[in-house]
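Single-structure report; data block below.
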Amino acid sequence: MALTPLEFPADDWLTWLNERGAGQLQAARESIAELVRAEPGSLLIVQLWNDAAIALRNAGSVAGLLSSVHPEAAVMERAEEIEVEVQGYSTDLHLDPDVYRALSSVAPANLDDDGRRMLAKSLRDFHRSGVDRDAGVRDRVRELEAKTTELSLAFSRNIRDGRLEARVPGSALAGLPADYVETHPVDSDGLVGISTDYPDVLPFLTFSTDAAARRVVASTFFSIASPINDPVLAELLQARHELATLLGYANWPDYDAEVKMIGSGDAIAAFIDTVSAAAGPAGEREIGILAARAALDGETEIDASNWRYFHEFVKREQYGVDAHQVRRYFDFGKVHDGLLQITGQLFGLRFTPVPADQARPWHPDVTSYDVSFDDGRQIGRIYLDLHPRERKYNHAAQFDLVAGVRDRQLPEGVLVCNFPRGLMEHRDVVTLFHEFGHLIHHLLGGGQSWVRFSGVATEWDFVEAPSQLLEEWAWDAGVLQLFATDADGTPIPAELVAQMKAAEEFGKGFLARTQMFYAALAYRFHLERPTDPTARMLELYAEYSLVKPLPDTHFYTGFGHLAGYTSGYYTYMWSLVIAKDLFSAFDPDNLLEPEVAAHYRDAVLAPGGSKDAGELVADFLGRPYNTKAFEDWLNR
């Protein structure tokens, strides 16, 4: 029987959420109850374990999505409650000696390779949860897991709901594109509001010629969720530390890194310092160029309010790249359609639009597509929620809706971004390609029998590599010319793309140092739990970032990755090293060559998490990954 996607409600989302979220959570409980009654050693135990895992992931996925995107406050709030319930039950489950005893009774020799891998990793999770500790420790672990879940949700909610607006003179719109100016009317007091939403703040900081106004807007942006997130973060860091030490680890980074490619907290620190040192010479040269240009305008240093402006200025002045001119080739609708065309051609996929009255998504902005292979084999469904609105998740991410399980349920994923409706900056195009890489990984990796390995289920410090790889297609002239055309239909010139690439290379040193500041902050905050986080942030700025912070700002309170990535923000750069190595296998003169792309699809994406990431890469490259391609890129 053919599998079908989820059916959304016509109107009563709250009832539907309870049926799907709370209902799947109850289904998980029922499977576990049957599991503990099963005959020890029976293969029924692992089947029921998979059933419970499927139901639990279903409940968590729908709650995680709707708590971030649904326009109704009541639905958002109920989804958050279900998220807490799911996490609480997962904690209880991994602290249940009866469940652990049942799973431990299954002989690995009676399972196939995937089954043995699933069982080993599941039992490891039980050990990491403290199931073999005494009752007092297990009770405290349960309390701490619940606390970290609630605090993480609160931290993210405060950022999501902490939208601010800076009021600046209307004259500060000088330098901004005409369509931006049109959507930002000046009020009767001669002021204009610039919100902290990305489509507002990033163009303003890039193009406004008013230095004072840029400082106001940047200061507002870097004050999101301050001071409300200060006590939340302090409690969260302490709870994670207590949890890790209670389970026998020296600190949270060691606990968190154990199940990642990097292996240990010390290795995180070493990686951050290695990349910082490698990027230092190029970064210092680049900042020197920006500072020299800023001095001509009377600005004495490069800081968080002006680096984008002068970076853009240098690209325009020295590389002939004018972002205003580049934007005219990137109409949102054309980019949207071009992305589907390119990824369809690359991976052998078809995207069939689903009419809104059939898909019935949570908001009219959302578009829906059924996805199949070129030969007609059904894969799953995707939803694209790509424009900002009040209270919606305000970054860019891929959310699971349904984890694919072979012969049981189709993978369904959602892209949640905040792009303008008209002309896009090229950086927005790159972001769209990046996030779509996660979506494709979720779909193509959704053919596993064990839900544990479904979709983006590799080690966490590898998950960005496929997305970073797909960014390369957004920099290729031949690819862009398939959809990037101006209002007259003229494709973007190859010469302009070459200039854009050259300009993009300028800044990679100081931007790598910025990334290492973020990574160091995430790592050090979790390791040290500073009593004065602002002071520690400023020390880390001085050590790693070549861009100066603004006075009286608190970047960390709006740094949402502290909730999800915890101490592991280094993963973006770690996986970039691997992405550059993966890209070395493609022909740069023909990025749409189907044979290499098909091999990559089948070797890296389709297996999901059924192999270690290093093995997936070796299957594709024919050798273990190395840093050569990354070093060549960084130093050229």
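The values are calculated or read from the model by the stated rules, or taken from the named source; none is laboratory data. Keep in mind that what you see is a predicted model, and the values were worked out from it rather than measured. Cβ coordinates were reconstructed from backbone atoms using ideal geometry, including for glycine residues, and neighbour counts include every protein chain displayed. Protein only, heavy atoms only, side chains kept; ligands, DNA and RNA dropped before computing areas. Shrake-Rupley method; radii C 1.70, N 1.55, O 1.52, S 1.80 Å.
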With Cα coordinates, the longest principal axis of the chain makes an angle with the long axis of helix 113-129, in degrees rounded to 10, of 80 degrees
Work out the length of the dipole vector of the stretch 1-155 about its Cα centre, built from +1 on the beta-carbon of each Lys and Arg and -1 on the beta-carbon of each Asp and Glu, and round it to the nearest 20 debye. 680 debye
Pseudo-spin-label distance GLU505 to GLN341, built 7 Å along Cα→Cβ, given in nm, is 2.9 nm
Considering all alpha-carbon pairs of the stretch 358-465, what whole percent are spaced by more than 22 angstrom? 35 percent
Compactness of the stretch 242-305 - radius of gyration and Dmax, Cα, Å: 19.3, 57
Expected vector for the stretch 608-625, Karplus 3J(HN,Hα) from phi with 6.51, -1.76, 1.60 and θ = phi - 60°, integer Hz, x for Gly and Pro, equals x, x, 6, 9, 5, 4, x, 6, 4, 5, 5, 4, 7, 7, x, 6, x, 5
Using the Cα atoms of the stretch 39-158, I'd like the radius of gyration and the largest Cα-Cα distance, Dmax, both in angstrom. 16.5, 50
Starting from the Cα gyration tensor of the stretch 488-575, multiply each eigenvalue by 5, take the square root, and state the resulting semi-axes largest first in whole Å. 33, 15, 12
If amide hydrogens are placed 1.01 Å from N in the peptide plane, which non-local residues have theirs closer than 5 Å to the one on ARG406? GLN448, SER449
Given a 1.4 angstrom probe, I'd like the percentage of the accessible area of the stretch 1-117 that is carbon and sulfur, rounded to a whole number. 49 percent
Can you give me the long-range amide H partners of ASP303? Hydrogens built in the peptide plane at 1.01 Å from N, cutoff under 5 Å, separation of 5 or more residues or another chain. LYS548
Take LEU511, LEU562 and sort them by solvent-accessible surface of the protein heavy atoms, 1.4 Å probe, largest at the top. LEU511, LEU562
Evaluated at 20 °C with a viscosity of 1.002 mPa s, what Stokes-Einstein diffusion coefficient in µm²/s does the stretch 1-109 have when Rh comes from the Kirkwood expression over alpha-carbon pairs? 143 µm²/s
Order 212-222, 118-128 from most to least packed using the mean count of other Cβ atoms within 10 Å. 212-222, 118-128
Using only Cα atoms, find the angle between the long axis of helix 135-160 and the longest principal axis of the chain, and express it within 0 to 90 degrees, rounded to the nearest 10. 30 degrees
To check my understanding: the extent here is largest minus smallest coordinate of the Cα atoms along each principal axis. What are those three numbers for the chain, in Å, largest first? 78, 58, 53
What ranking, highest mean first, results for peptides 383-391, 59-67 when packing means the other Cβ atoms within 10 Å averaged over each residue? 59-67, 383-391
Taking the square root of 5λ for each eigenvalue of the C-alpha gyration tensor of the stretch 95-182, the equivalent ellipsoid has semi-axes, largest first and in whole angstrom, of 53, 21, 7
Residue-normalised accessible area of the chain, given per residue in Å² at a 1.4 Å probe: 39 Å²
Provide the FRET efficiency to the nearest 0.05 for the GLU615-GLU595 pair, computing r from the beta carbons and using R0 = 30 Å. 0.90
Cα convex hull of the stretch 428-553 - mean projected area over all directions, nm²: 11.8 nm²
Please report the spacing between the Cα centers of the stretch 44-93 and the stretch 292-367 in Å, no decimals. 33 Å
Pairs of Cα atoms under 8 Å, at least six residues apart: use those to get the relative contact order of the stretch 1-121, whole percent. 28 percent
For HIS336, what accessible area in Å² do you get when you roll a 1.4 Å probe over the heavy atoms of the protein chains, rounding to the nearest 10? 20 Å²
Heavy-atom SASA rank of ASP488, ASP12 (probe 1.4 Å, accessible area, largest first): ASP488, ASP12
What shape does the stretch 581-636 have by the C-alpha gyration tensor, where a ≥ b ≥ c are the square roots of the eigenvalues, rounded means a/c under 1.5, and otherwise prolate means a/b greater than b/c and oblate the rest? oblate
Taking the Cβ-Cβ separation of GLN47 and SER188 as r and a Förster radius of 60 Å, what is the calculated FRET efficiency to the nearest 0.05? 0.30
Accessible surface of ASP254 - all protein chains present, 1.4 Å probe, nearest 10 Å²: 40 Å²
Over the stretch 198-357, what relative contact order in percent results from Cα pairs under 8 Å that are six or more residues apart? 21 percent
Taking loop as defined by DSSP and a crowding limit of 11 other beta carbons within 10 Å, which trypsin sites (Lys or Arg not before Pro) in the stretch 259-368 fit? none
With no solvent term and unit scatterers on the alpha-carbon positions of the stretch 141-232, Debye gives log₁₀ I(q)/I(0) at q = 0.14 Å⁻¹ of -0.57
The stretch 313-350 residues near the modelled HIS387 label - backbone nitrogen below 20 Å, point 7 Å along Cα→Cβ: 327-340
Where the only charges are on Cβ atoms (+1 Lys, Arg; -1 Asp, Glu), what is the dipole of the chain about its Cα centre, to the nearest 20 debye? 580 debye
Give me the extension gain from ASN110 to ARG285: residue separation times 0.36 nm, minus the current Cα-Cα distance, reported in nm with one decimal. 57.0 nm
State whether the stretch 254-348 is rounded, prolate or oblate according to the following rule on the C-alpha gyration tensor (a ≥ b ≥ c being the square roots of its eigenvalues): a/c under 1.5 gives rounded; otherwise a/b larger than b/c gives prolate, and the remaining case gives oblate. oblate
Pairs of lysines in the chain (C-alpha under 16 Å apart; 8 or more residues apart or interchain): 8
Lys, Arg +1 and Asp, Glu -1 on Cβ, resulting dipole of the stretch 1-75 about Cα centre, debye, nearest 20: 260 debye
Mean separation of Cα contacts under 8 Å, 6 or more apart, over the residue count of the chain: relative contact order %: 16 percent
With 0.36 nm assigned to each residue of separation and the Cα-Cα distance removed, VAL137 to PHE373 gains 80.0 nm
First check a/c for the stretch 488-636, with a ≥ b ≥ c the square roots of the eigenvalues of its C-alpha gyration tensor; if it is under 1.5, answer rounded, and if not, answer prolate when a/b is larger than b/c or oblate otherwise. oblate
Note, the stretch 63-70: 3J(HN,Hα) by Karplus (6.51, -1.76, 1.60, θ = phi - 60°), whole Hz, Gly/Pro = x, goes 5, x, 5, 5, 5, 9, 10, 6
If you stretched the chain out fully between THR15 and ASP357, how much longer would it get, using 0.36 nm times the residue separation minus the C-alpha to C-alpha distance? 121.2 nm
C-alpha long axis of helix 211-221 to longest principal axis of the chain, angle in °: 10 degrees
Under a plain spin-label model, where a point goes 7 Å from the Cα along Cα-to-Cβ, how far apart in nm are ARG427 and LYS121? 3.5 nm
At what distance in angstrom do the alpha carbon centres of the stretch 190-236 and the stretch 453-501 lie from each other? 28 Å
Cα-based equivalent ellipsoid of the stretch 321-372: semi-axis lengths in Å, sorted from largest, via gyration tensor: 26, 17, 6
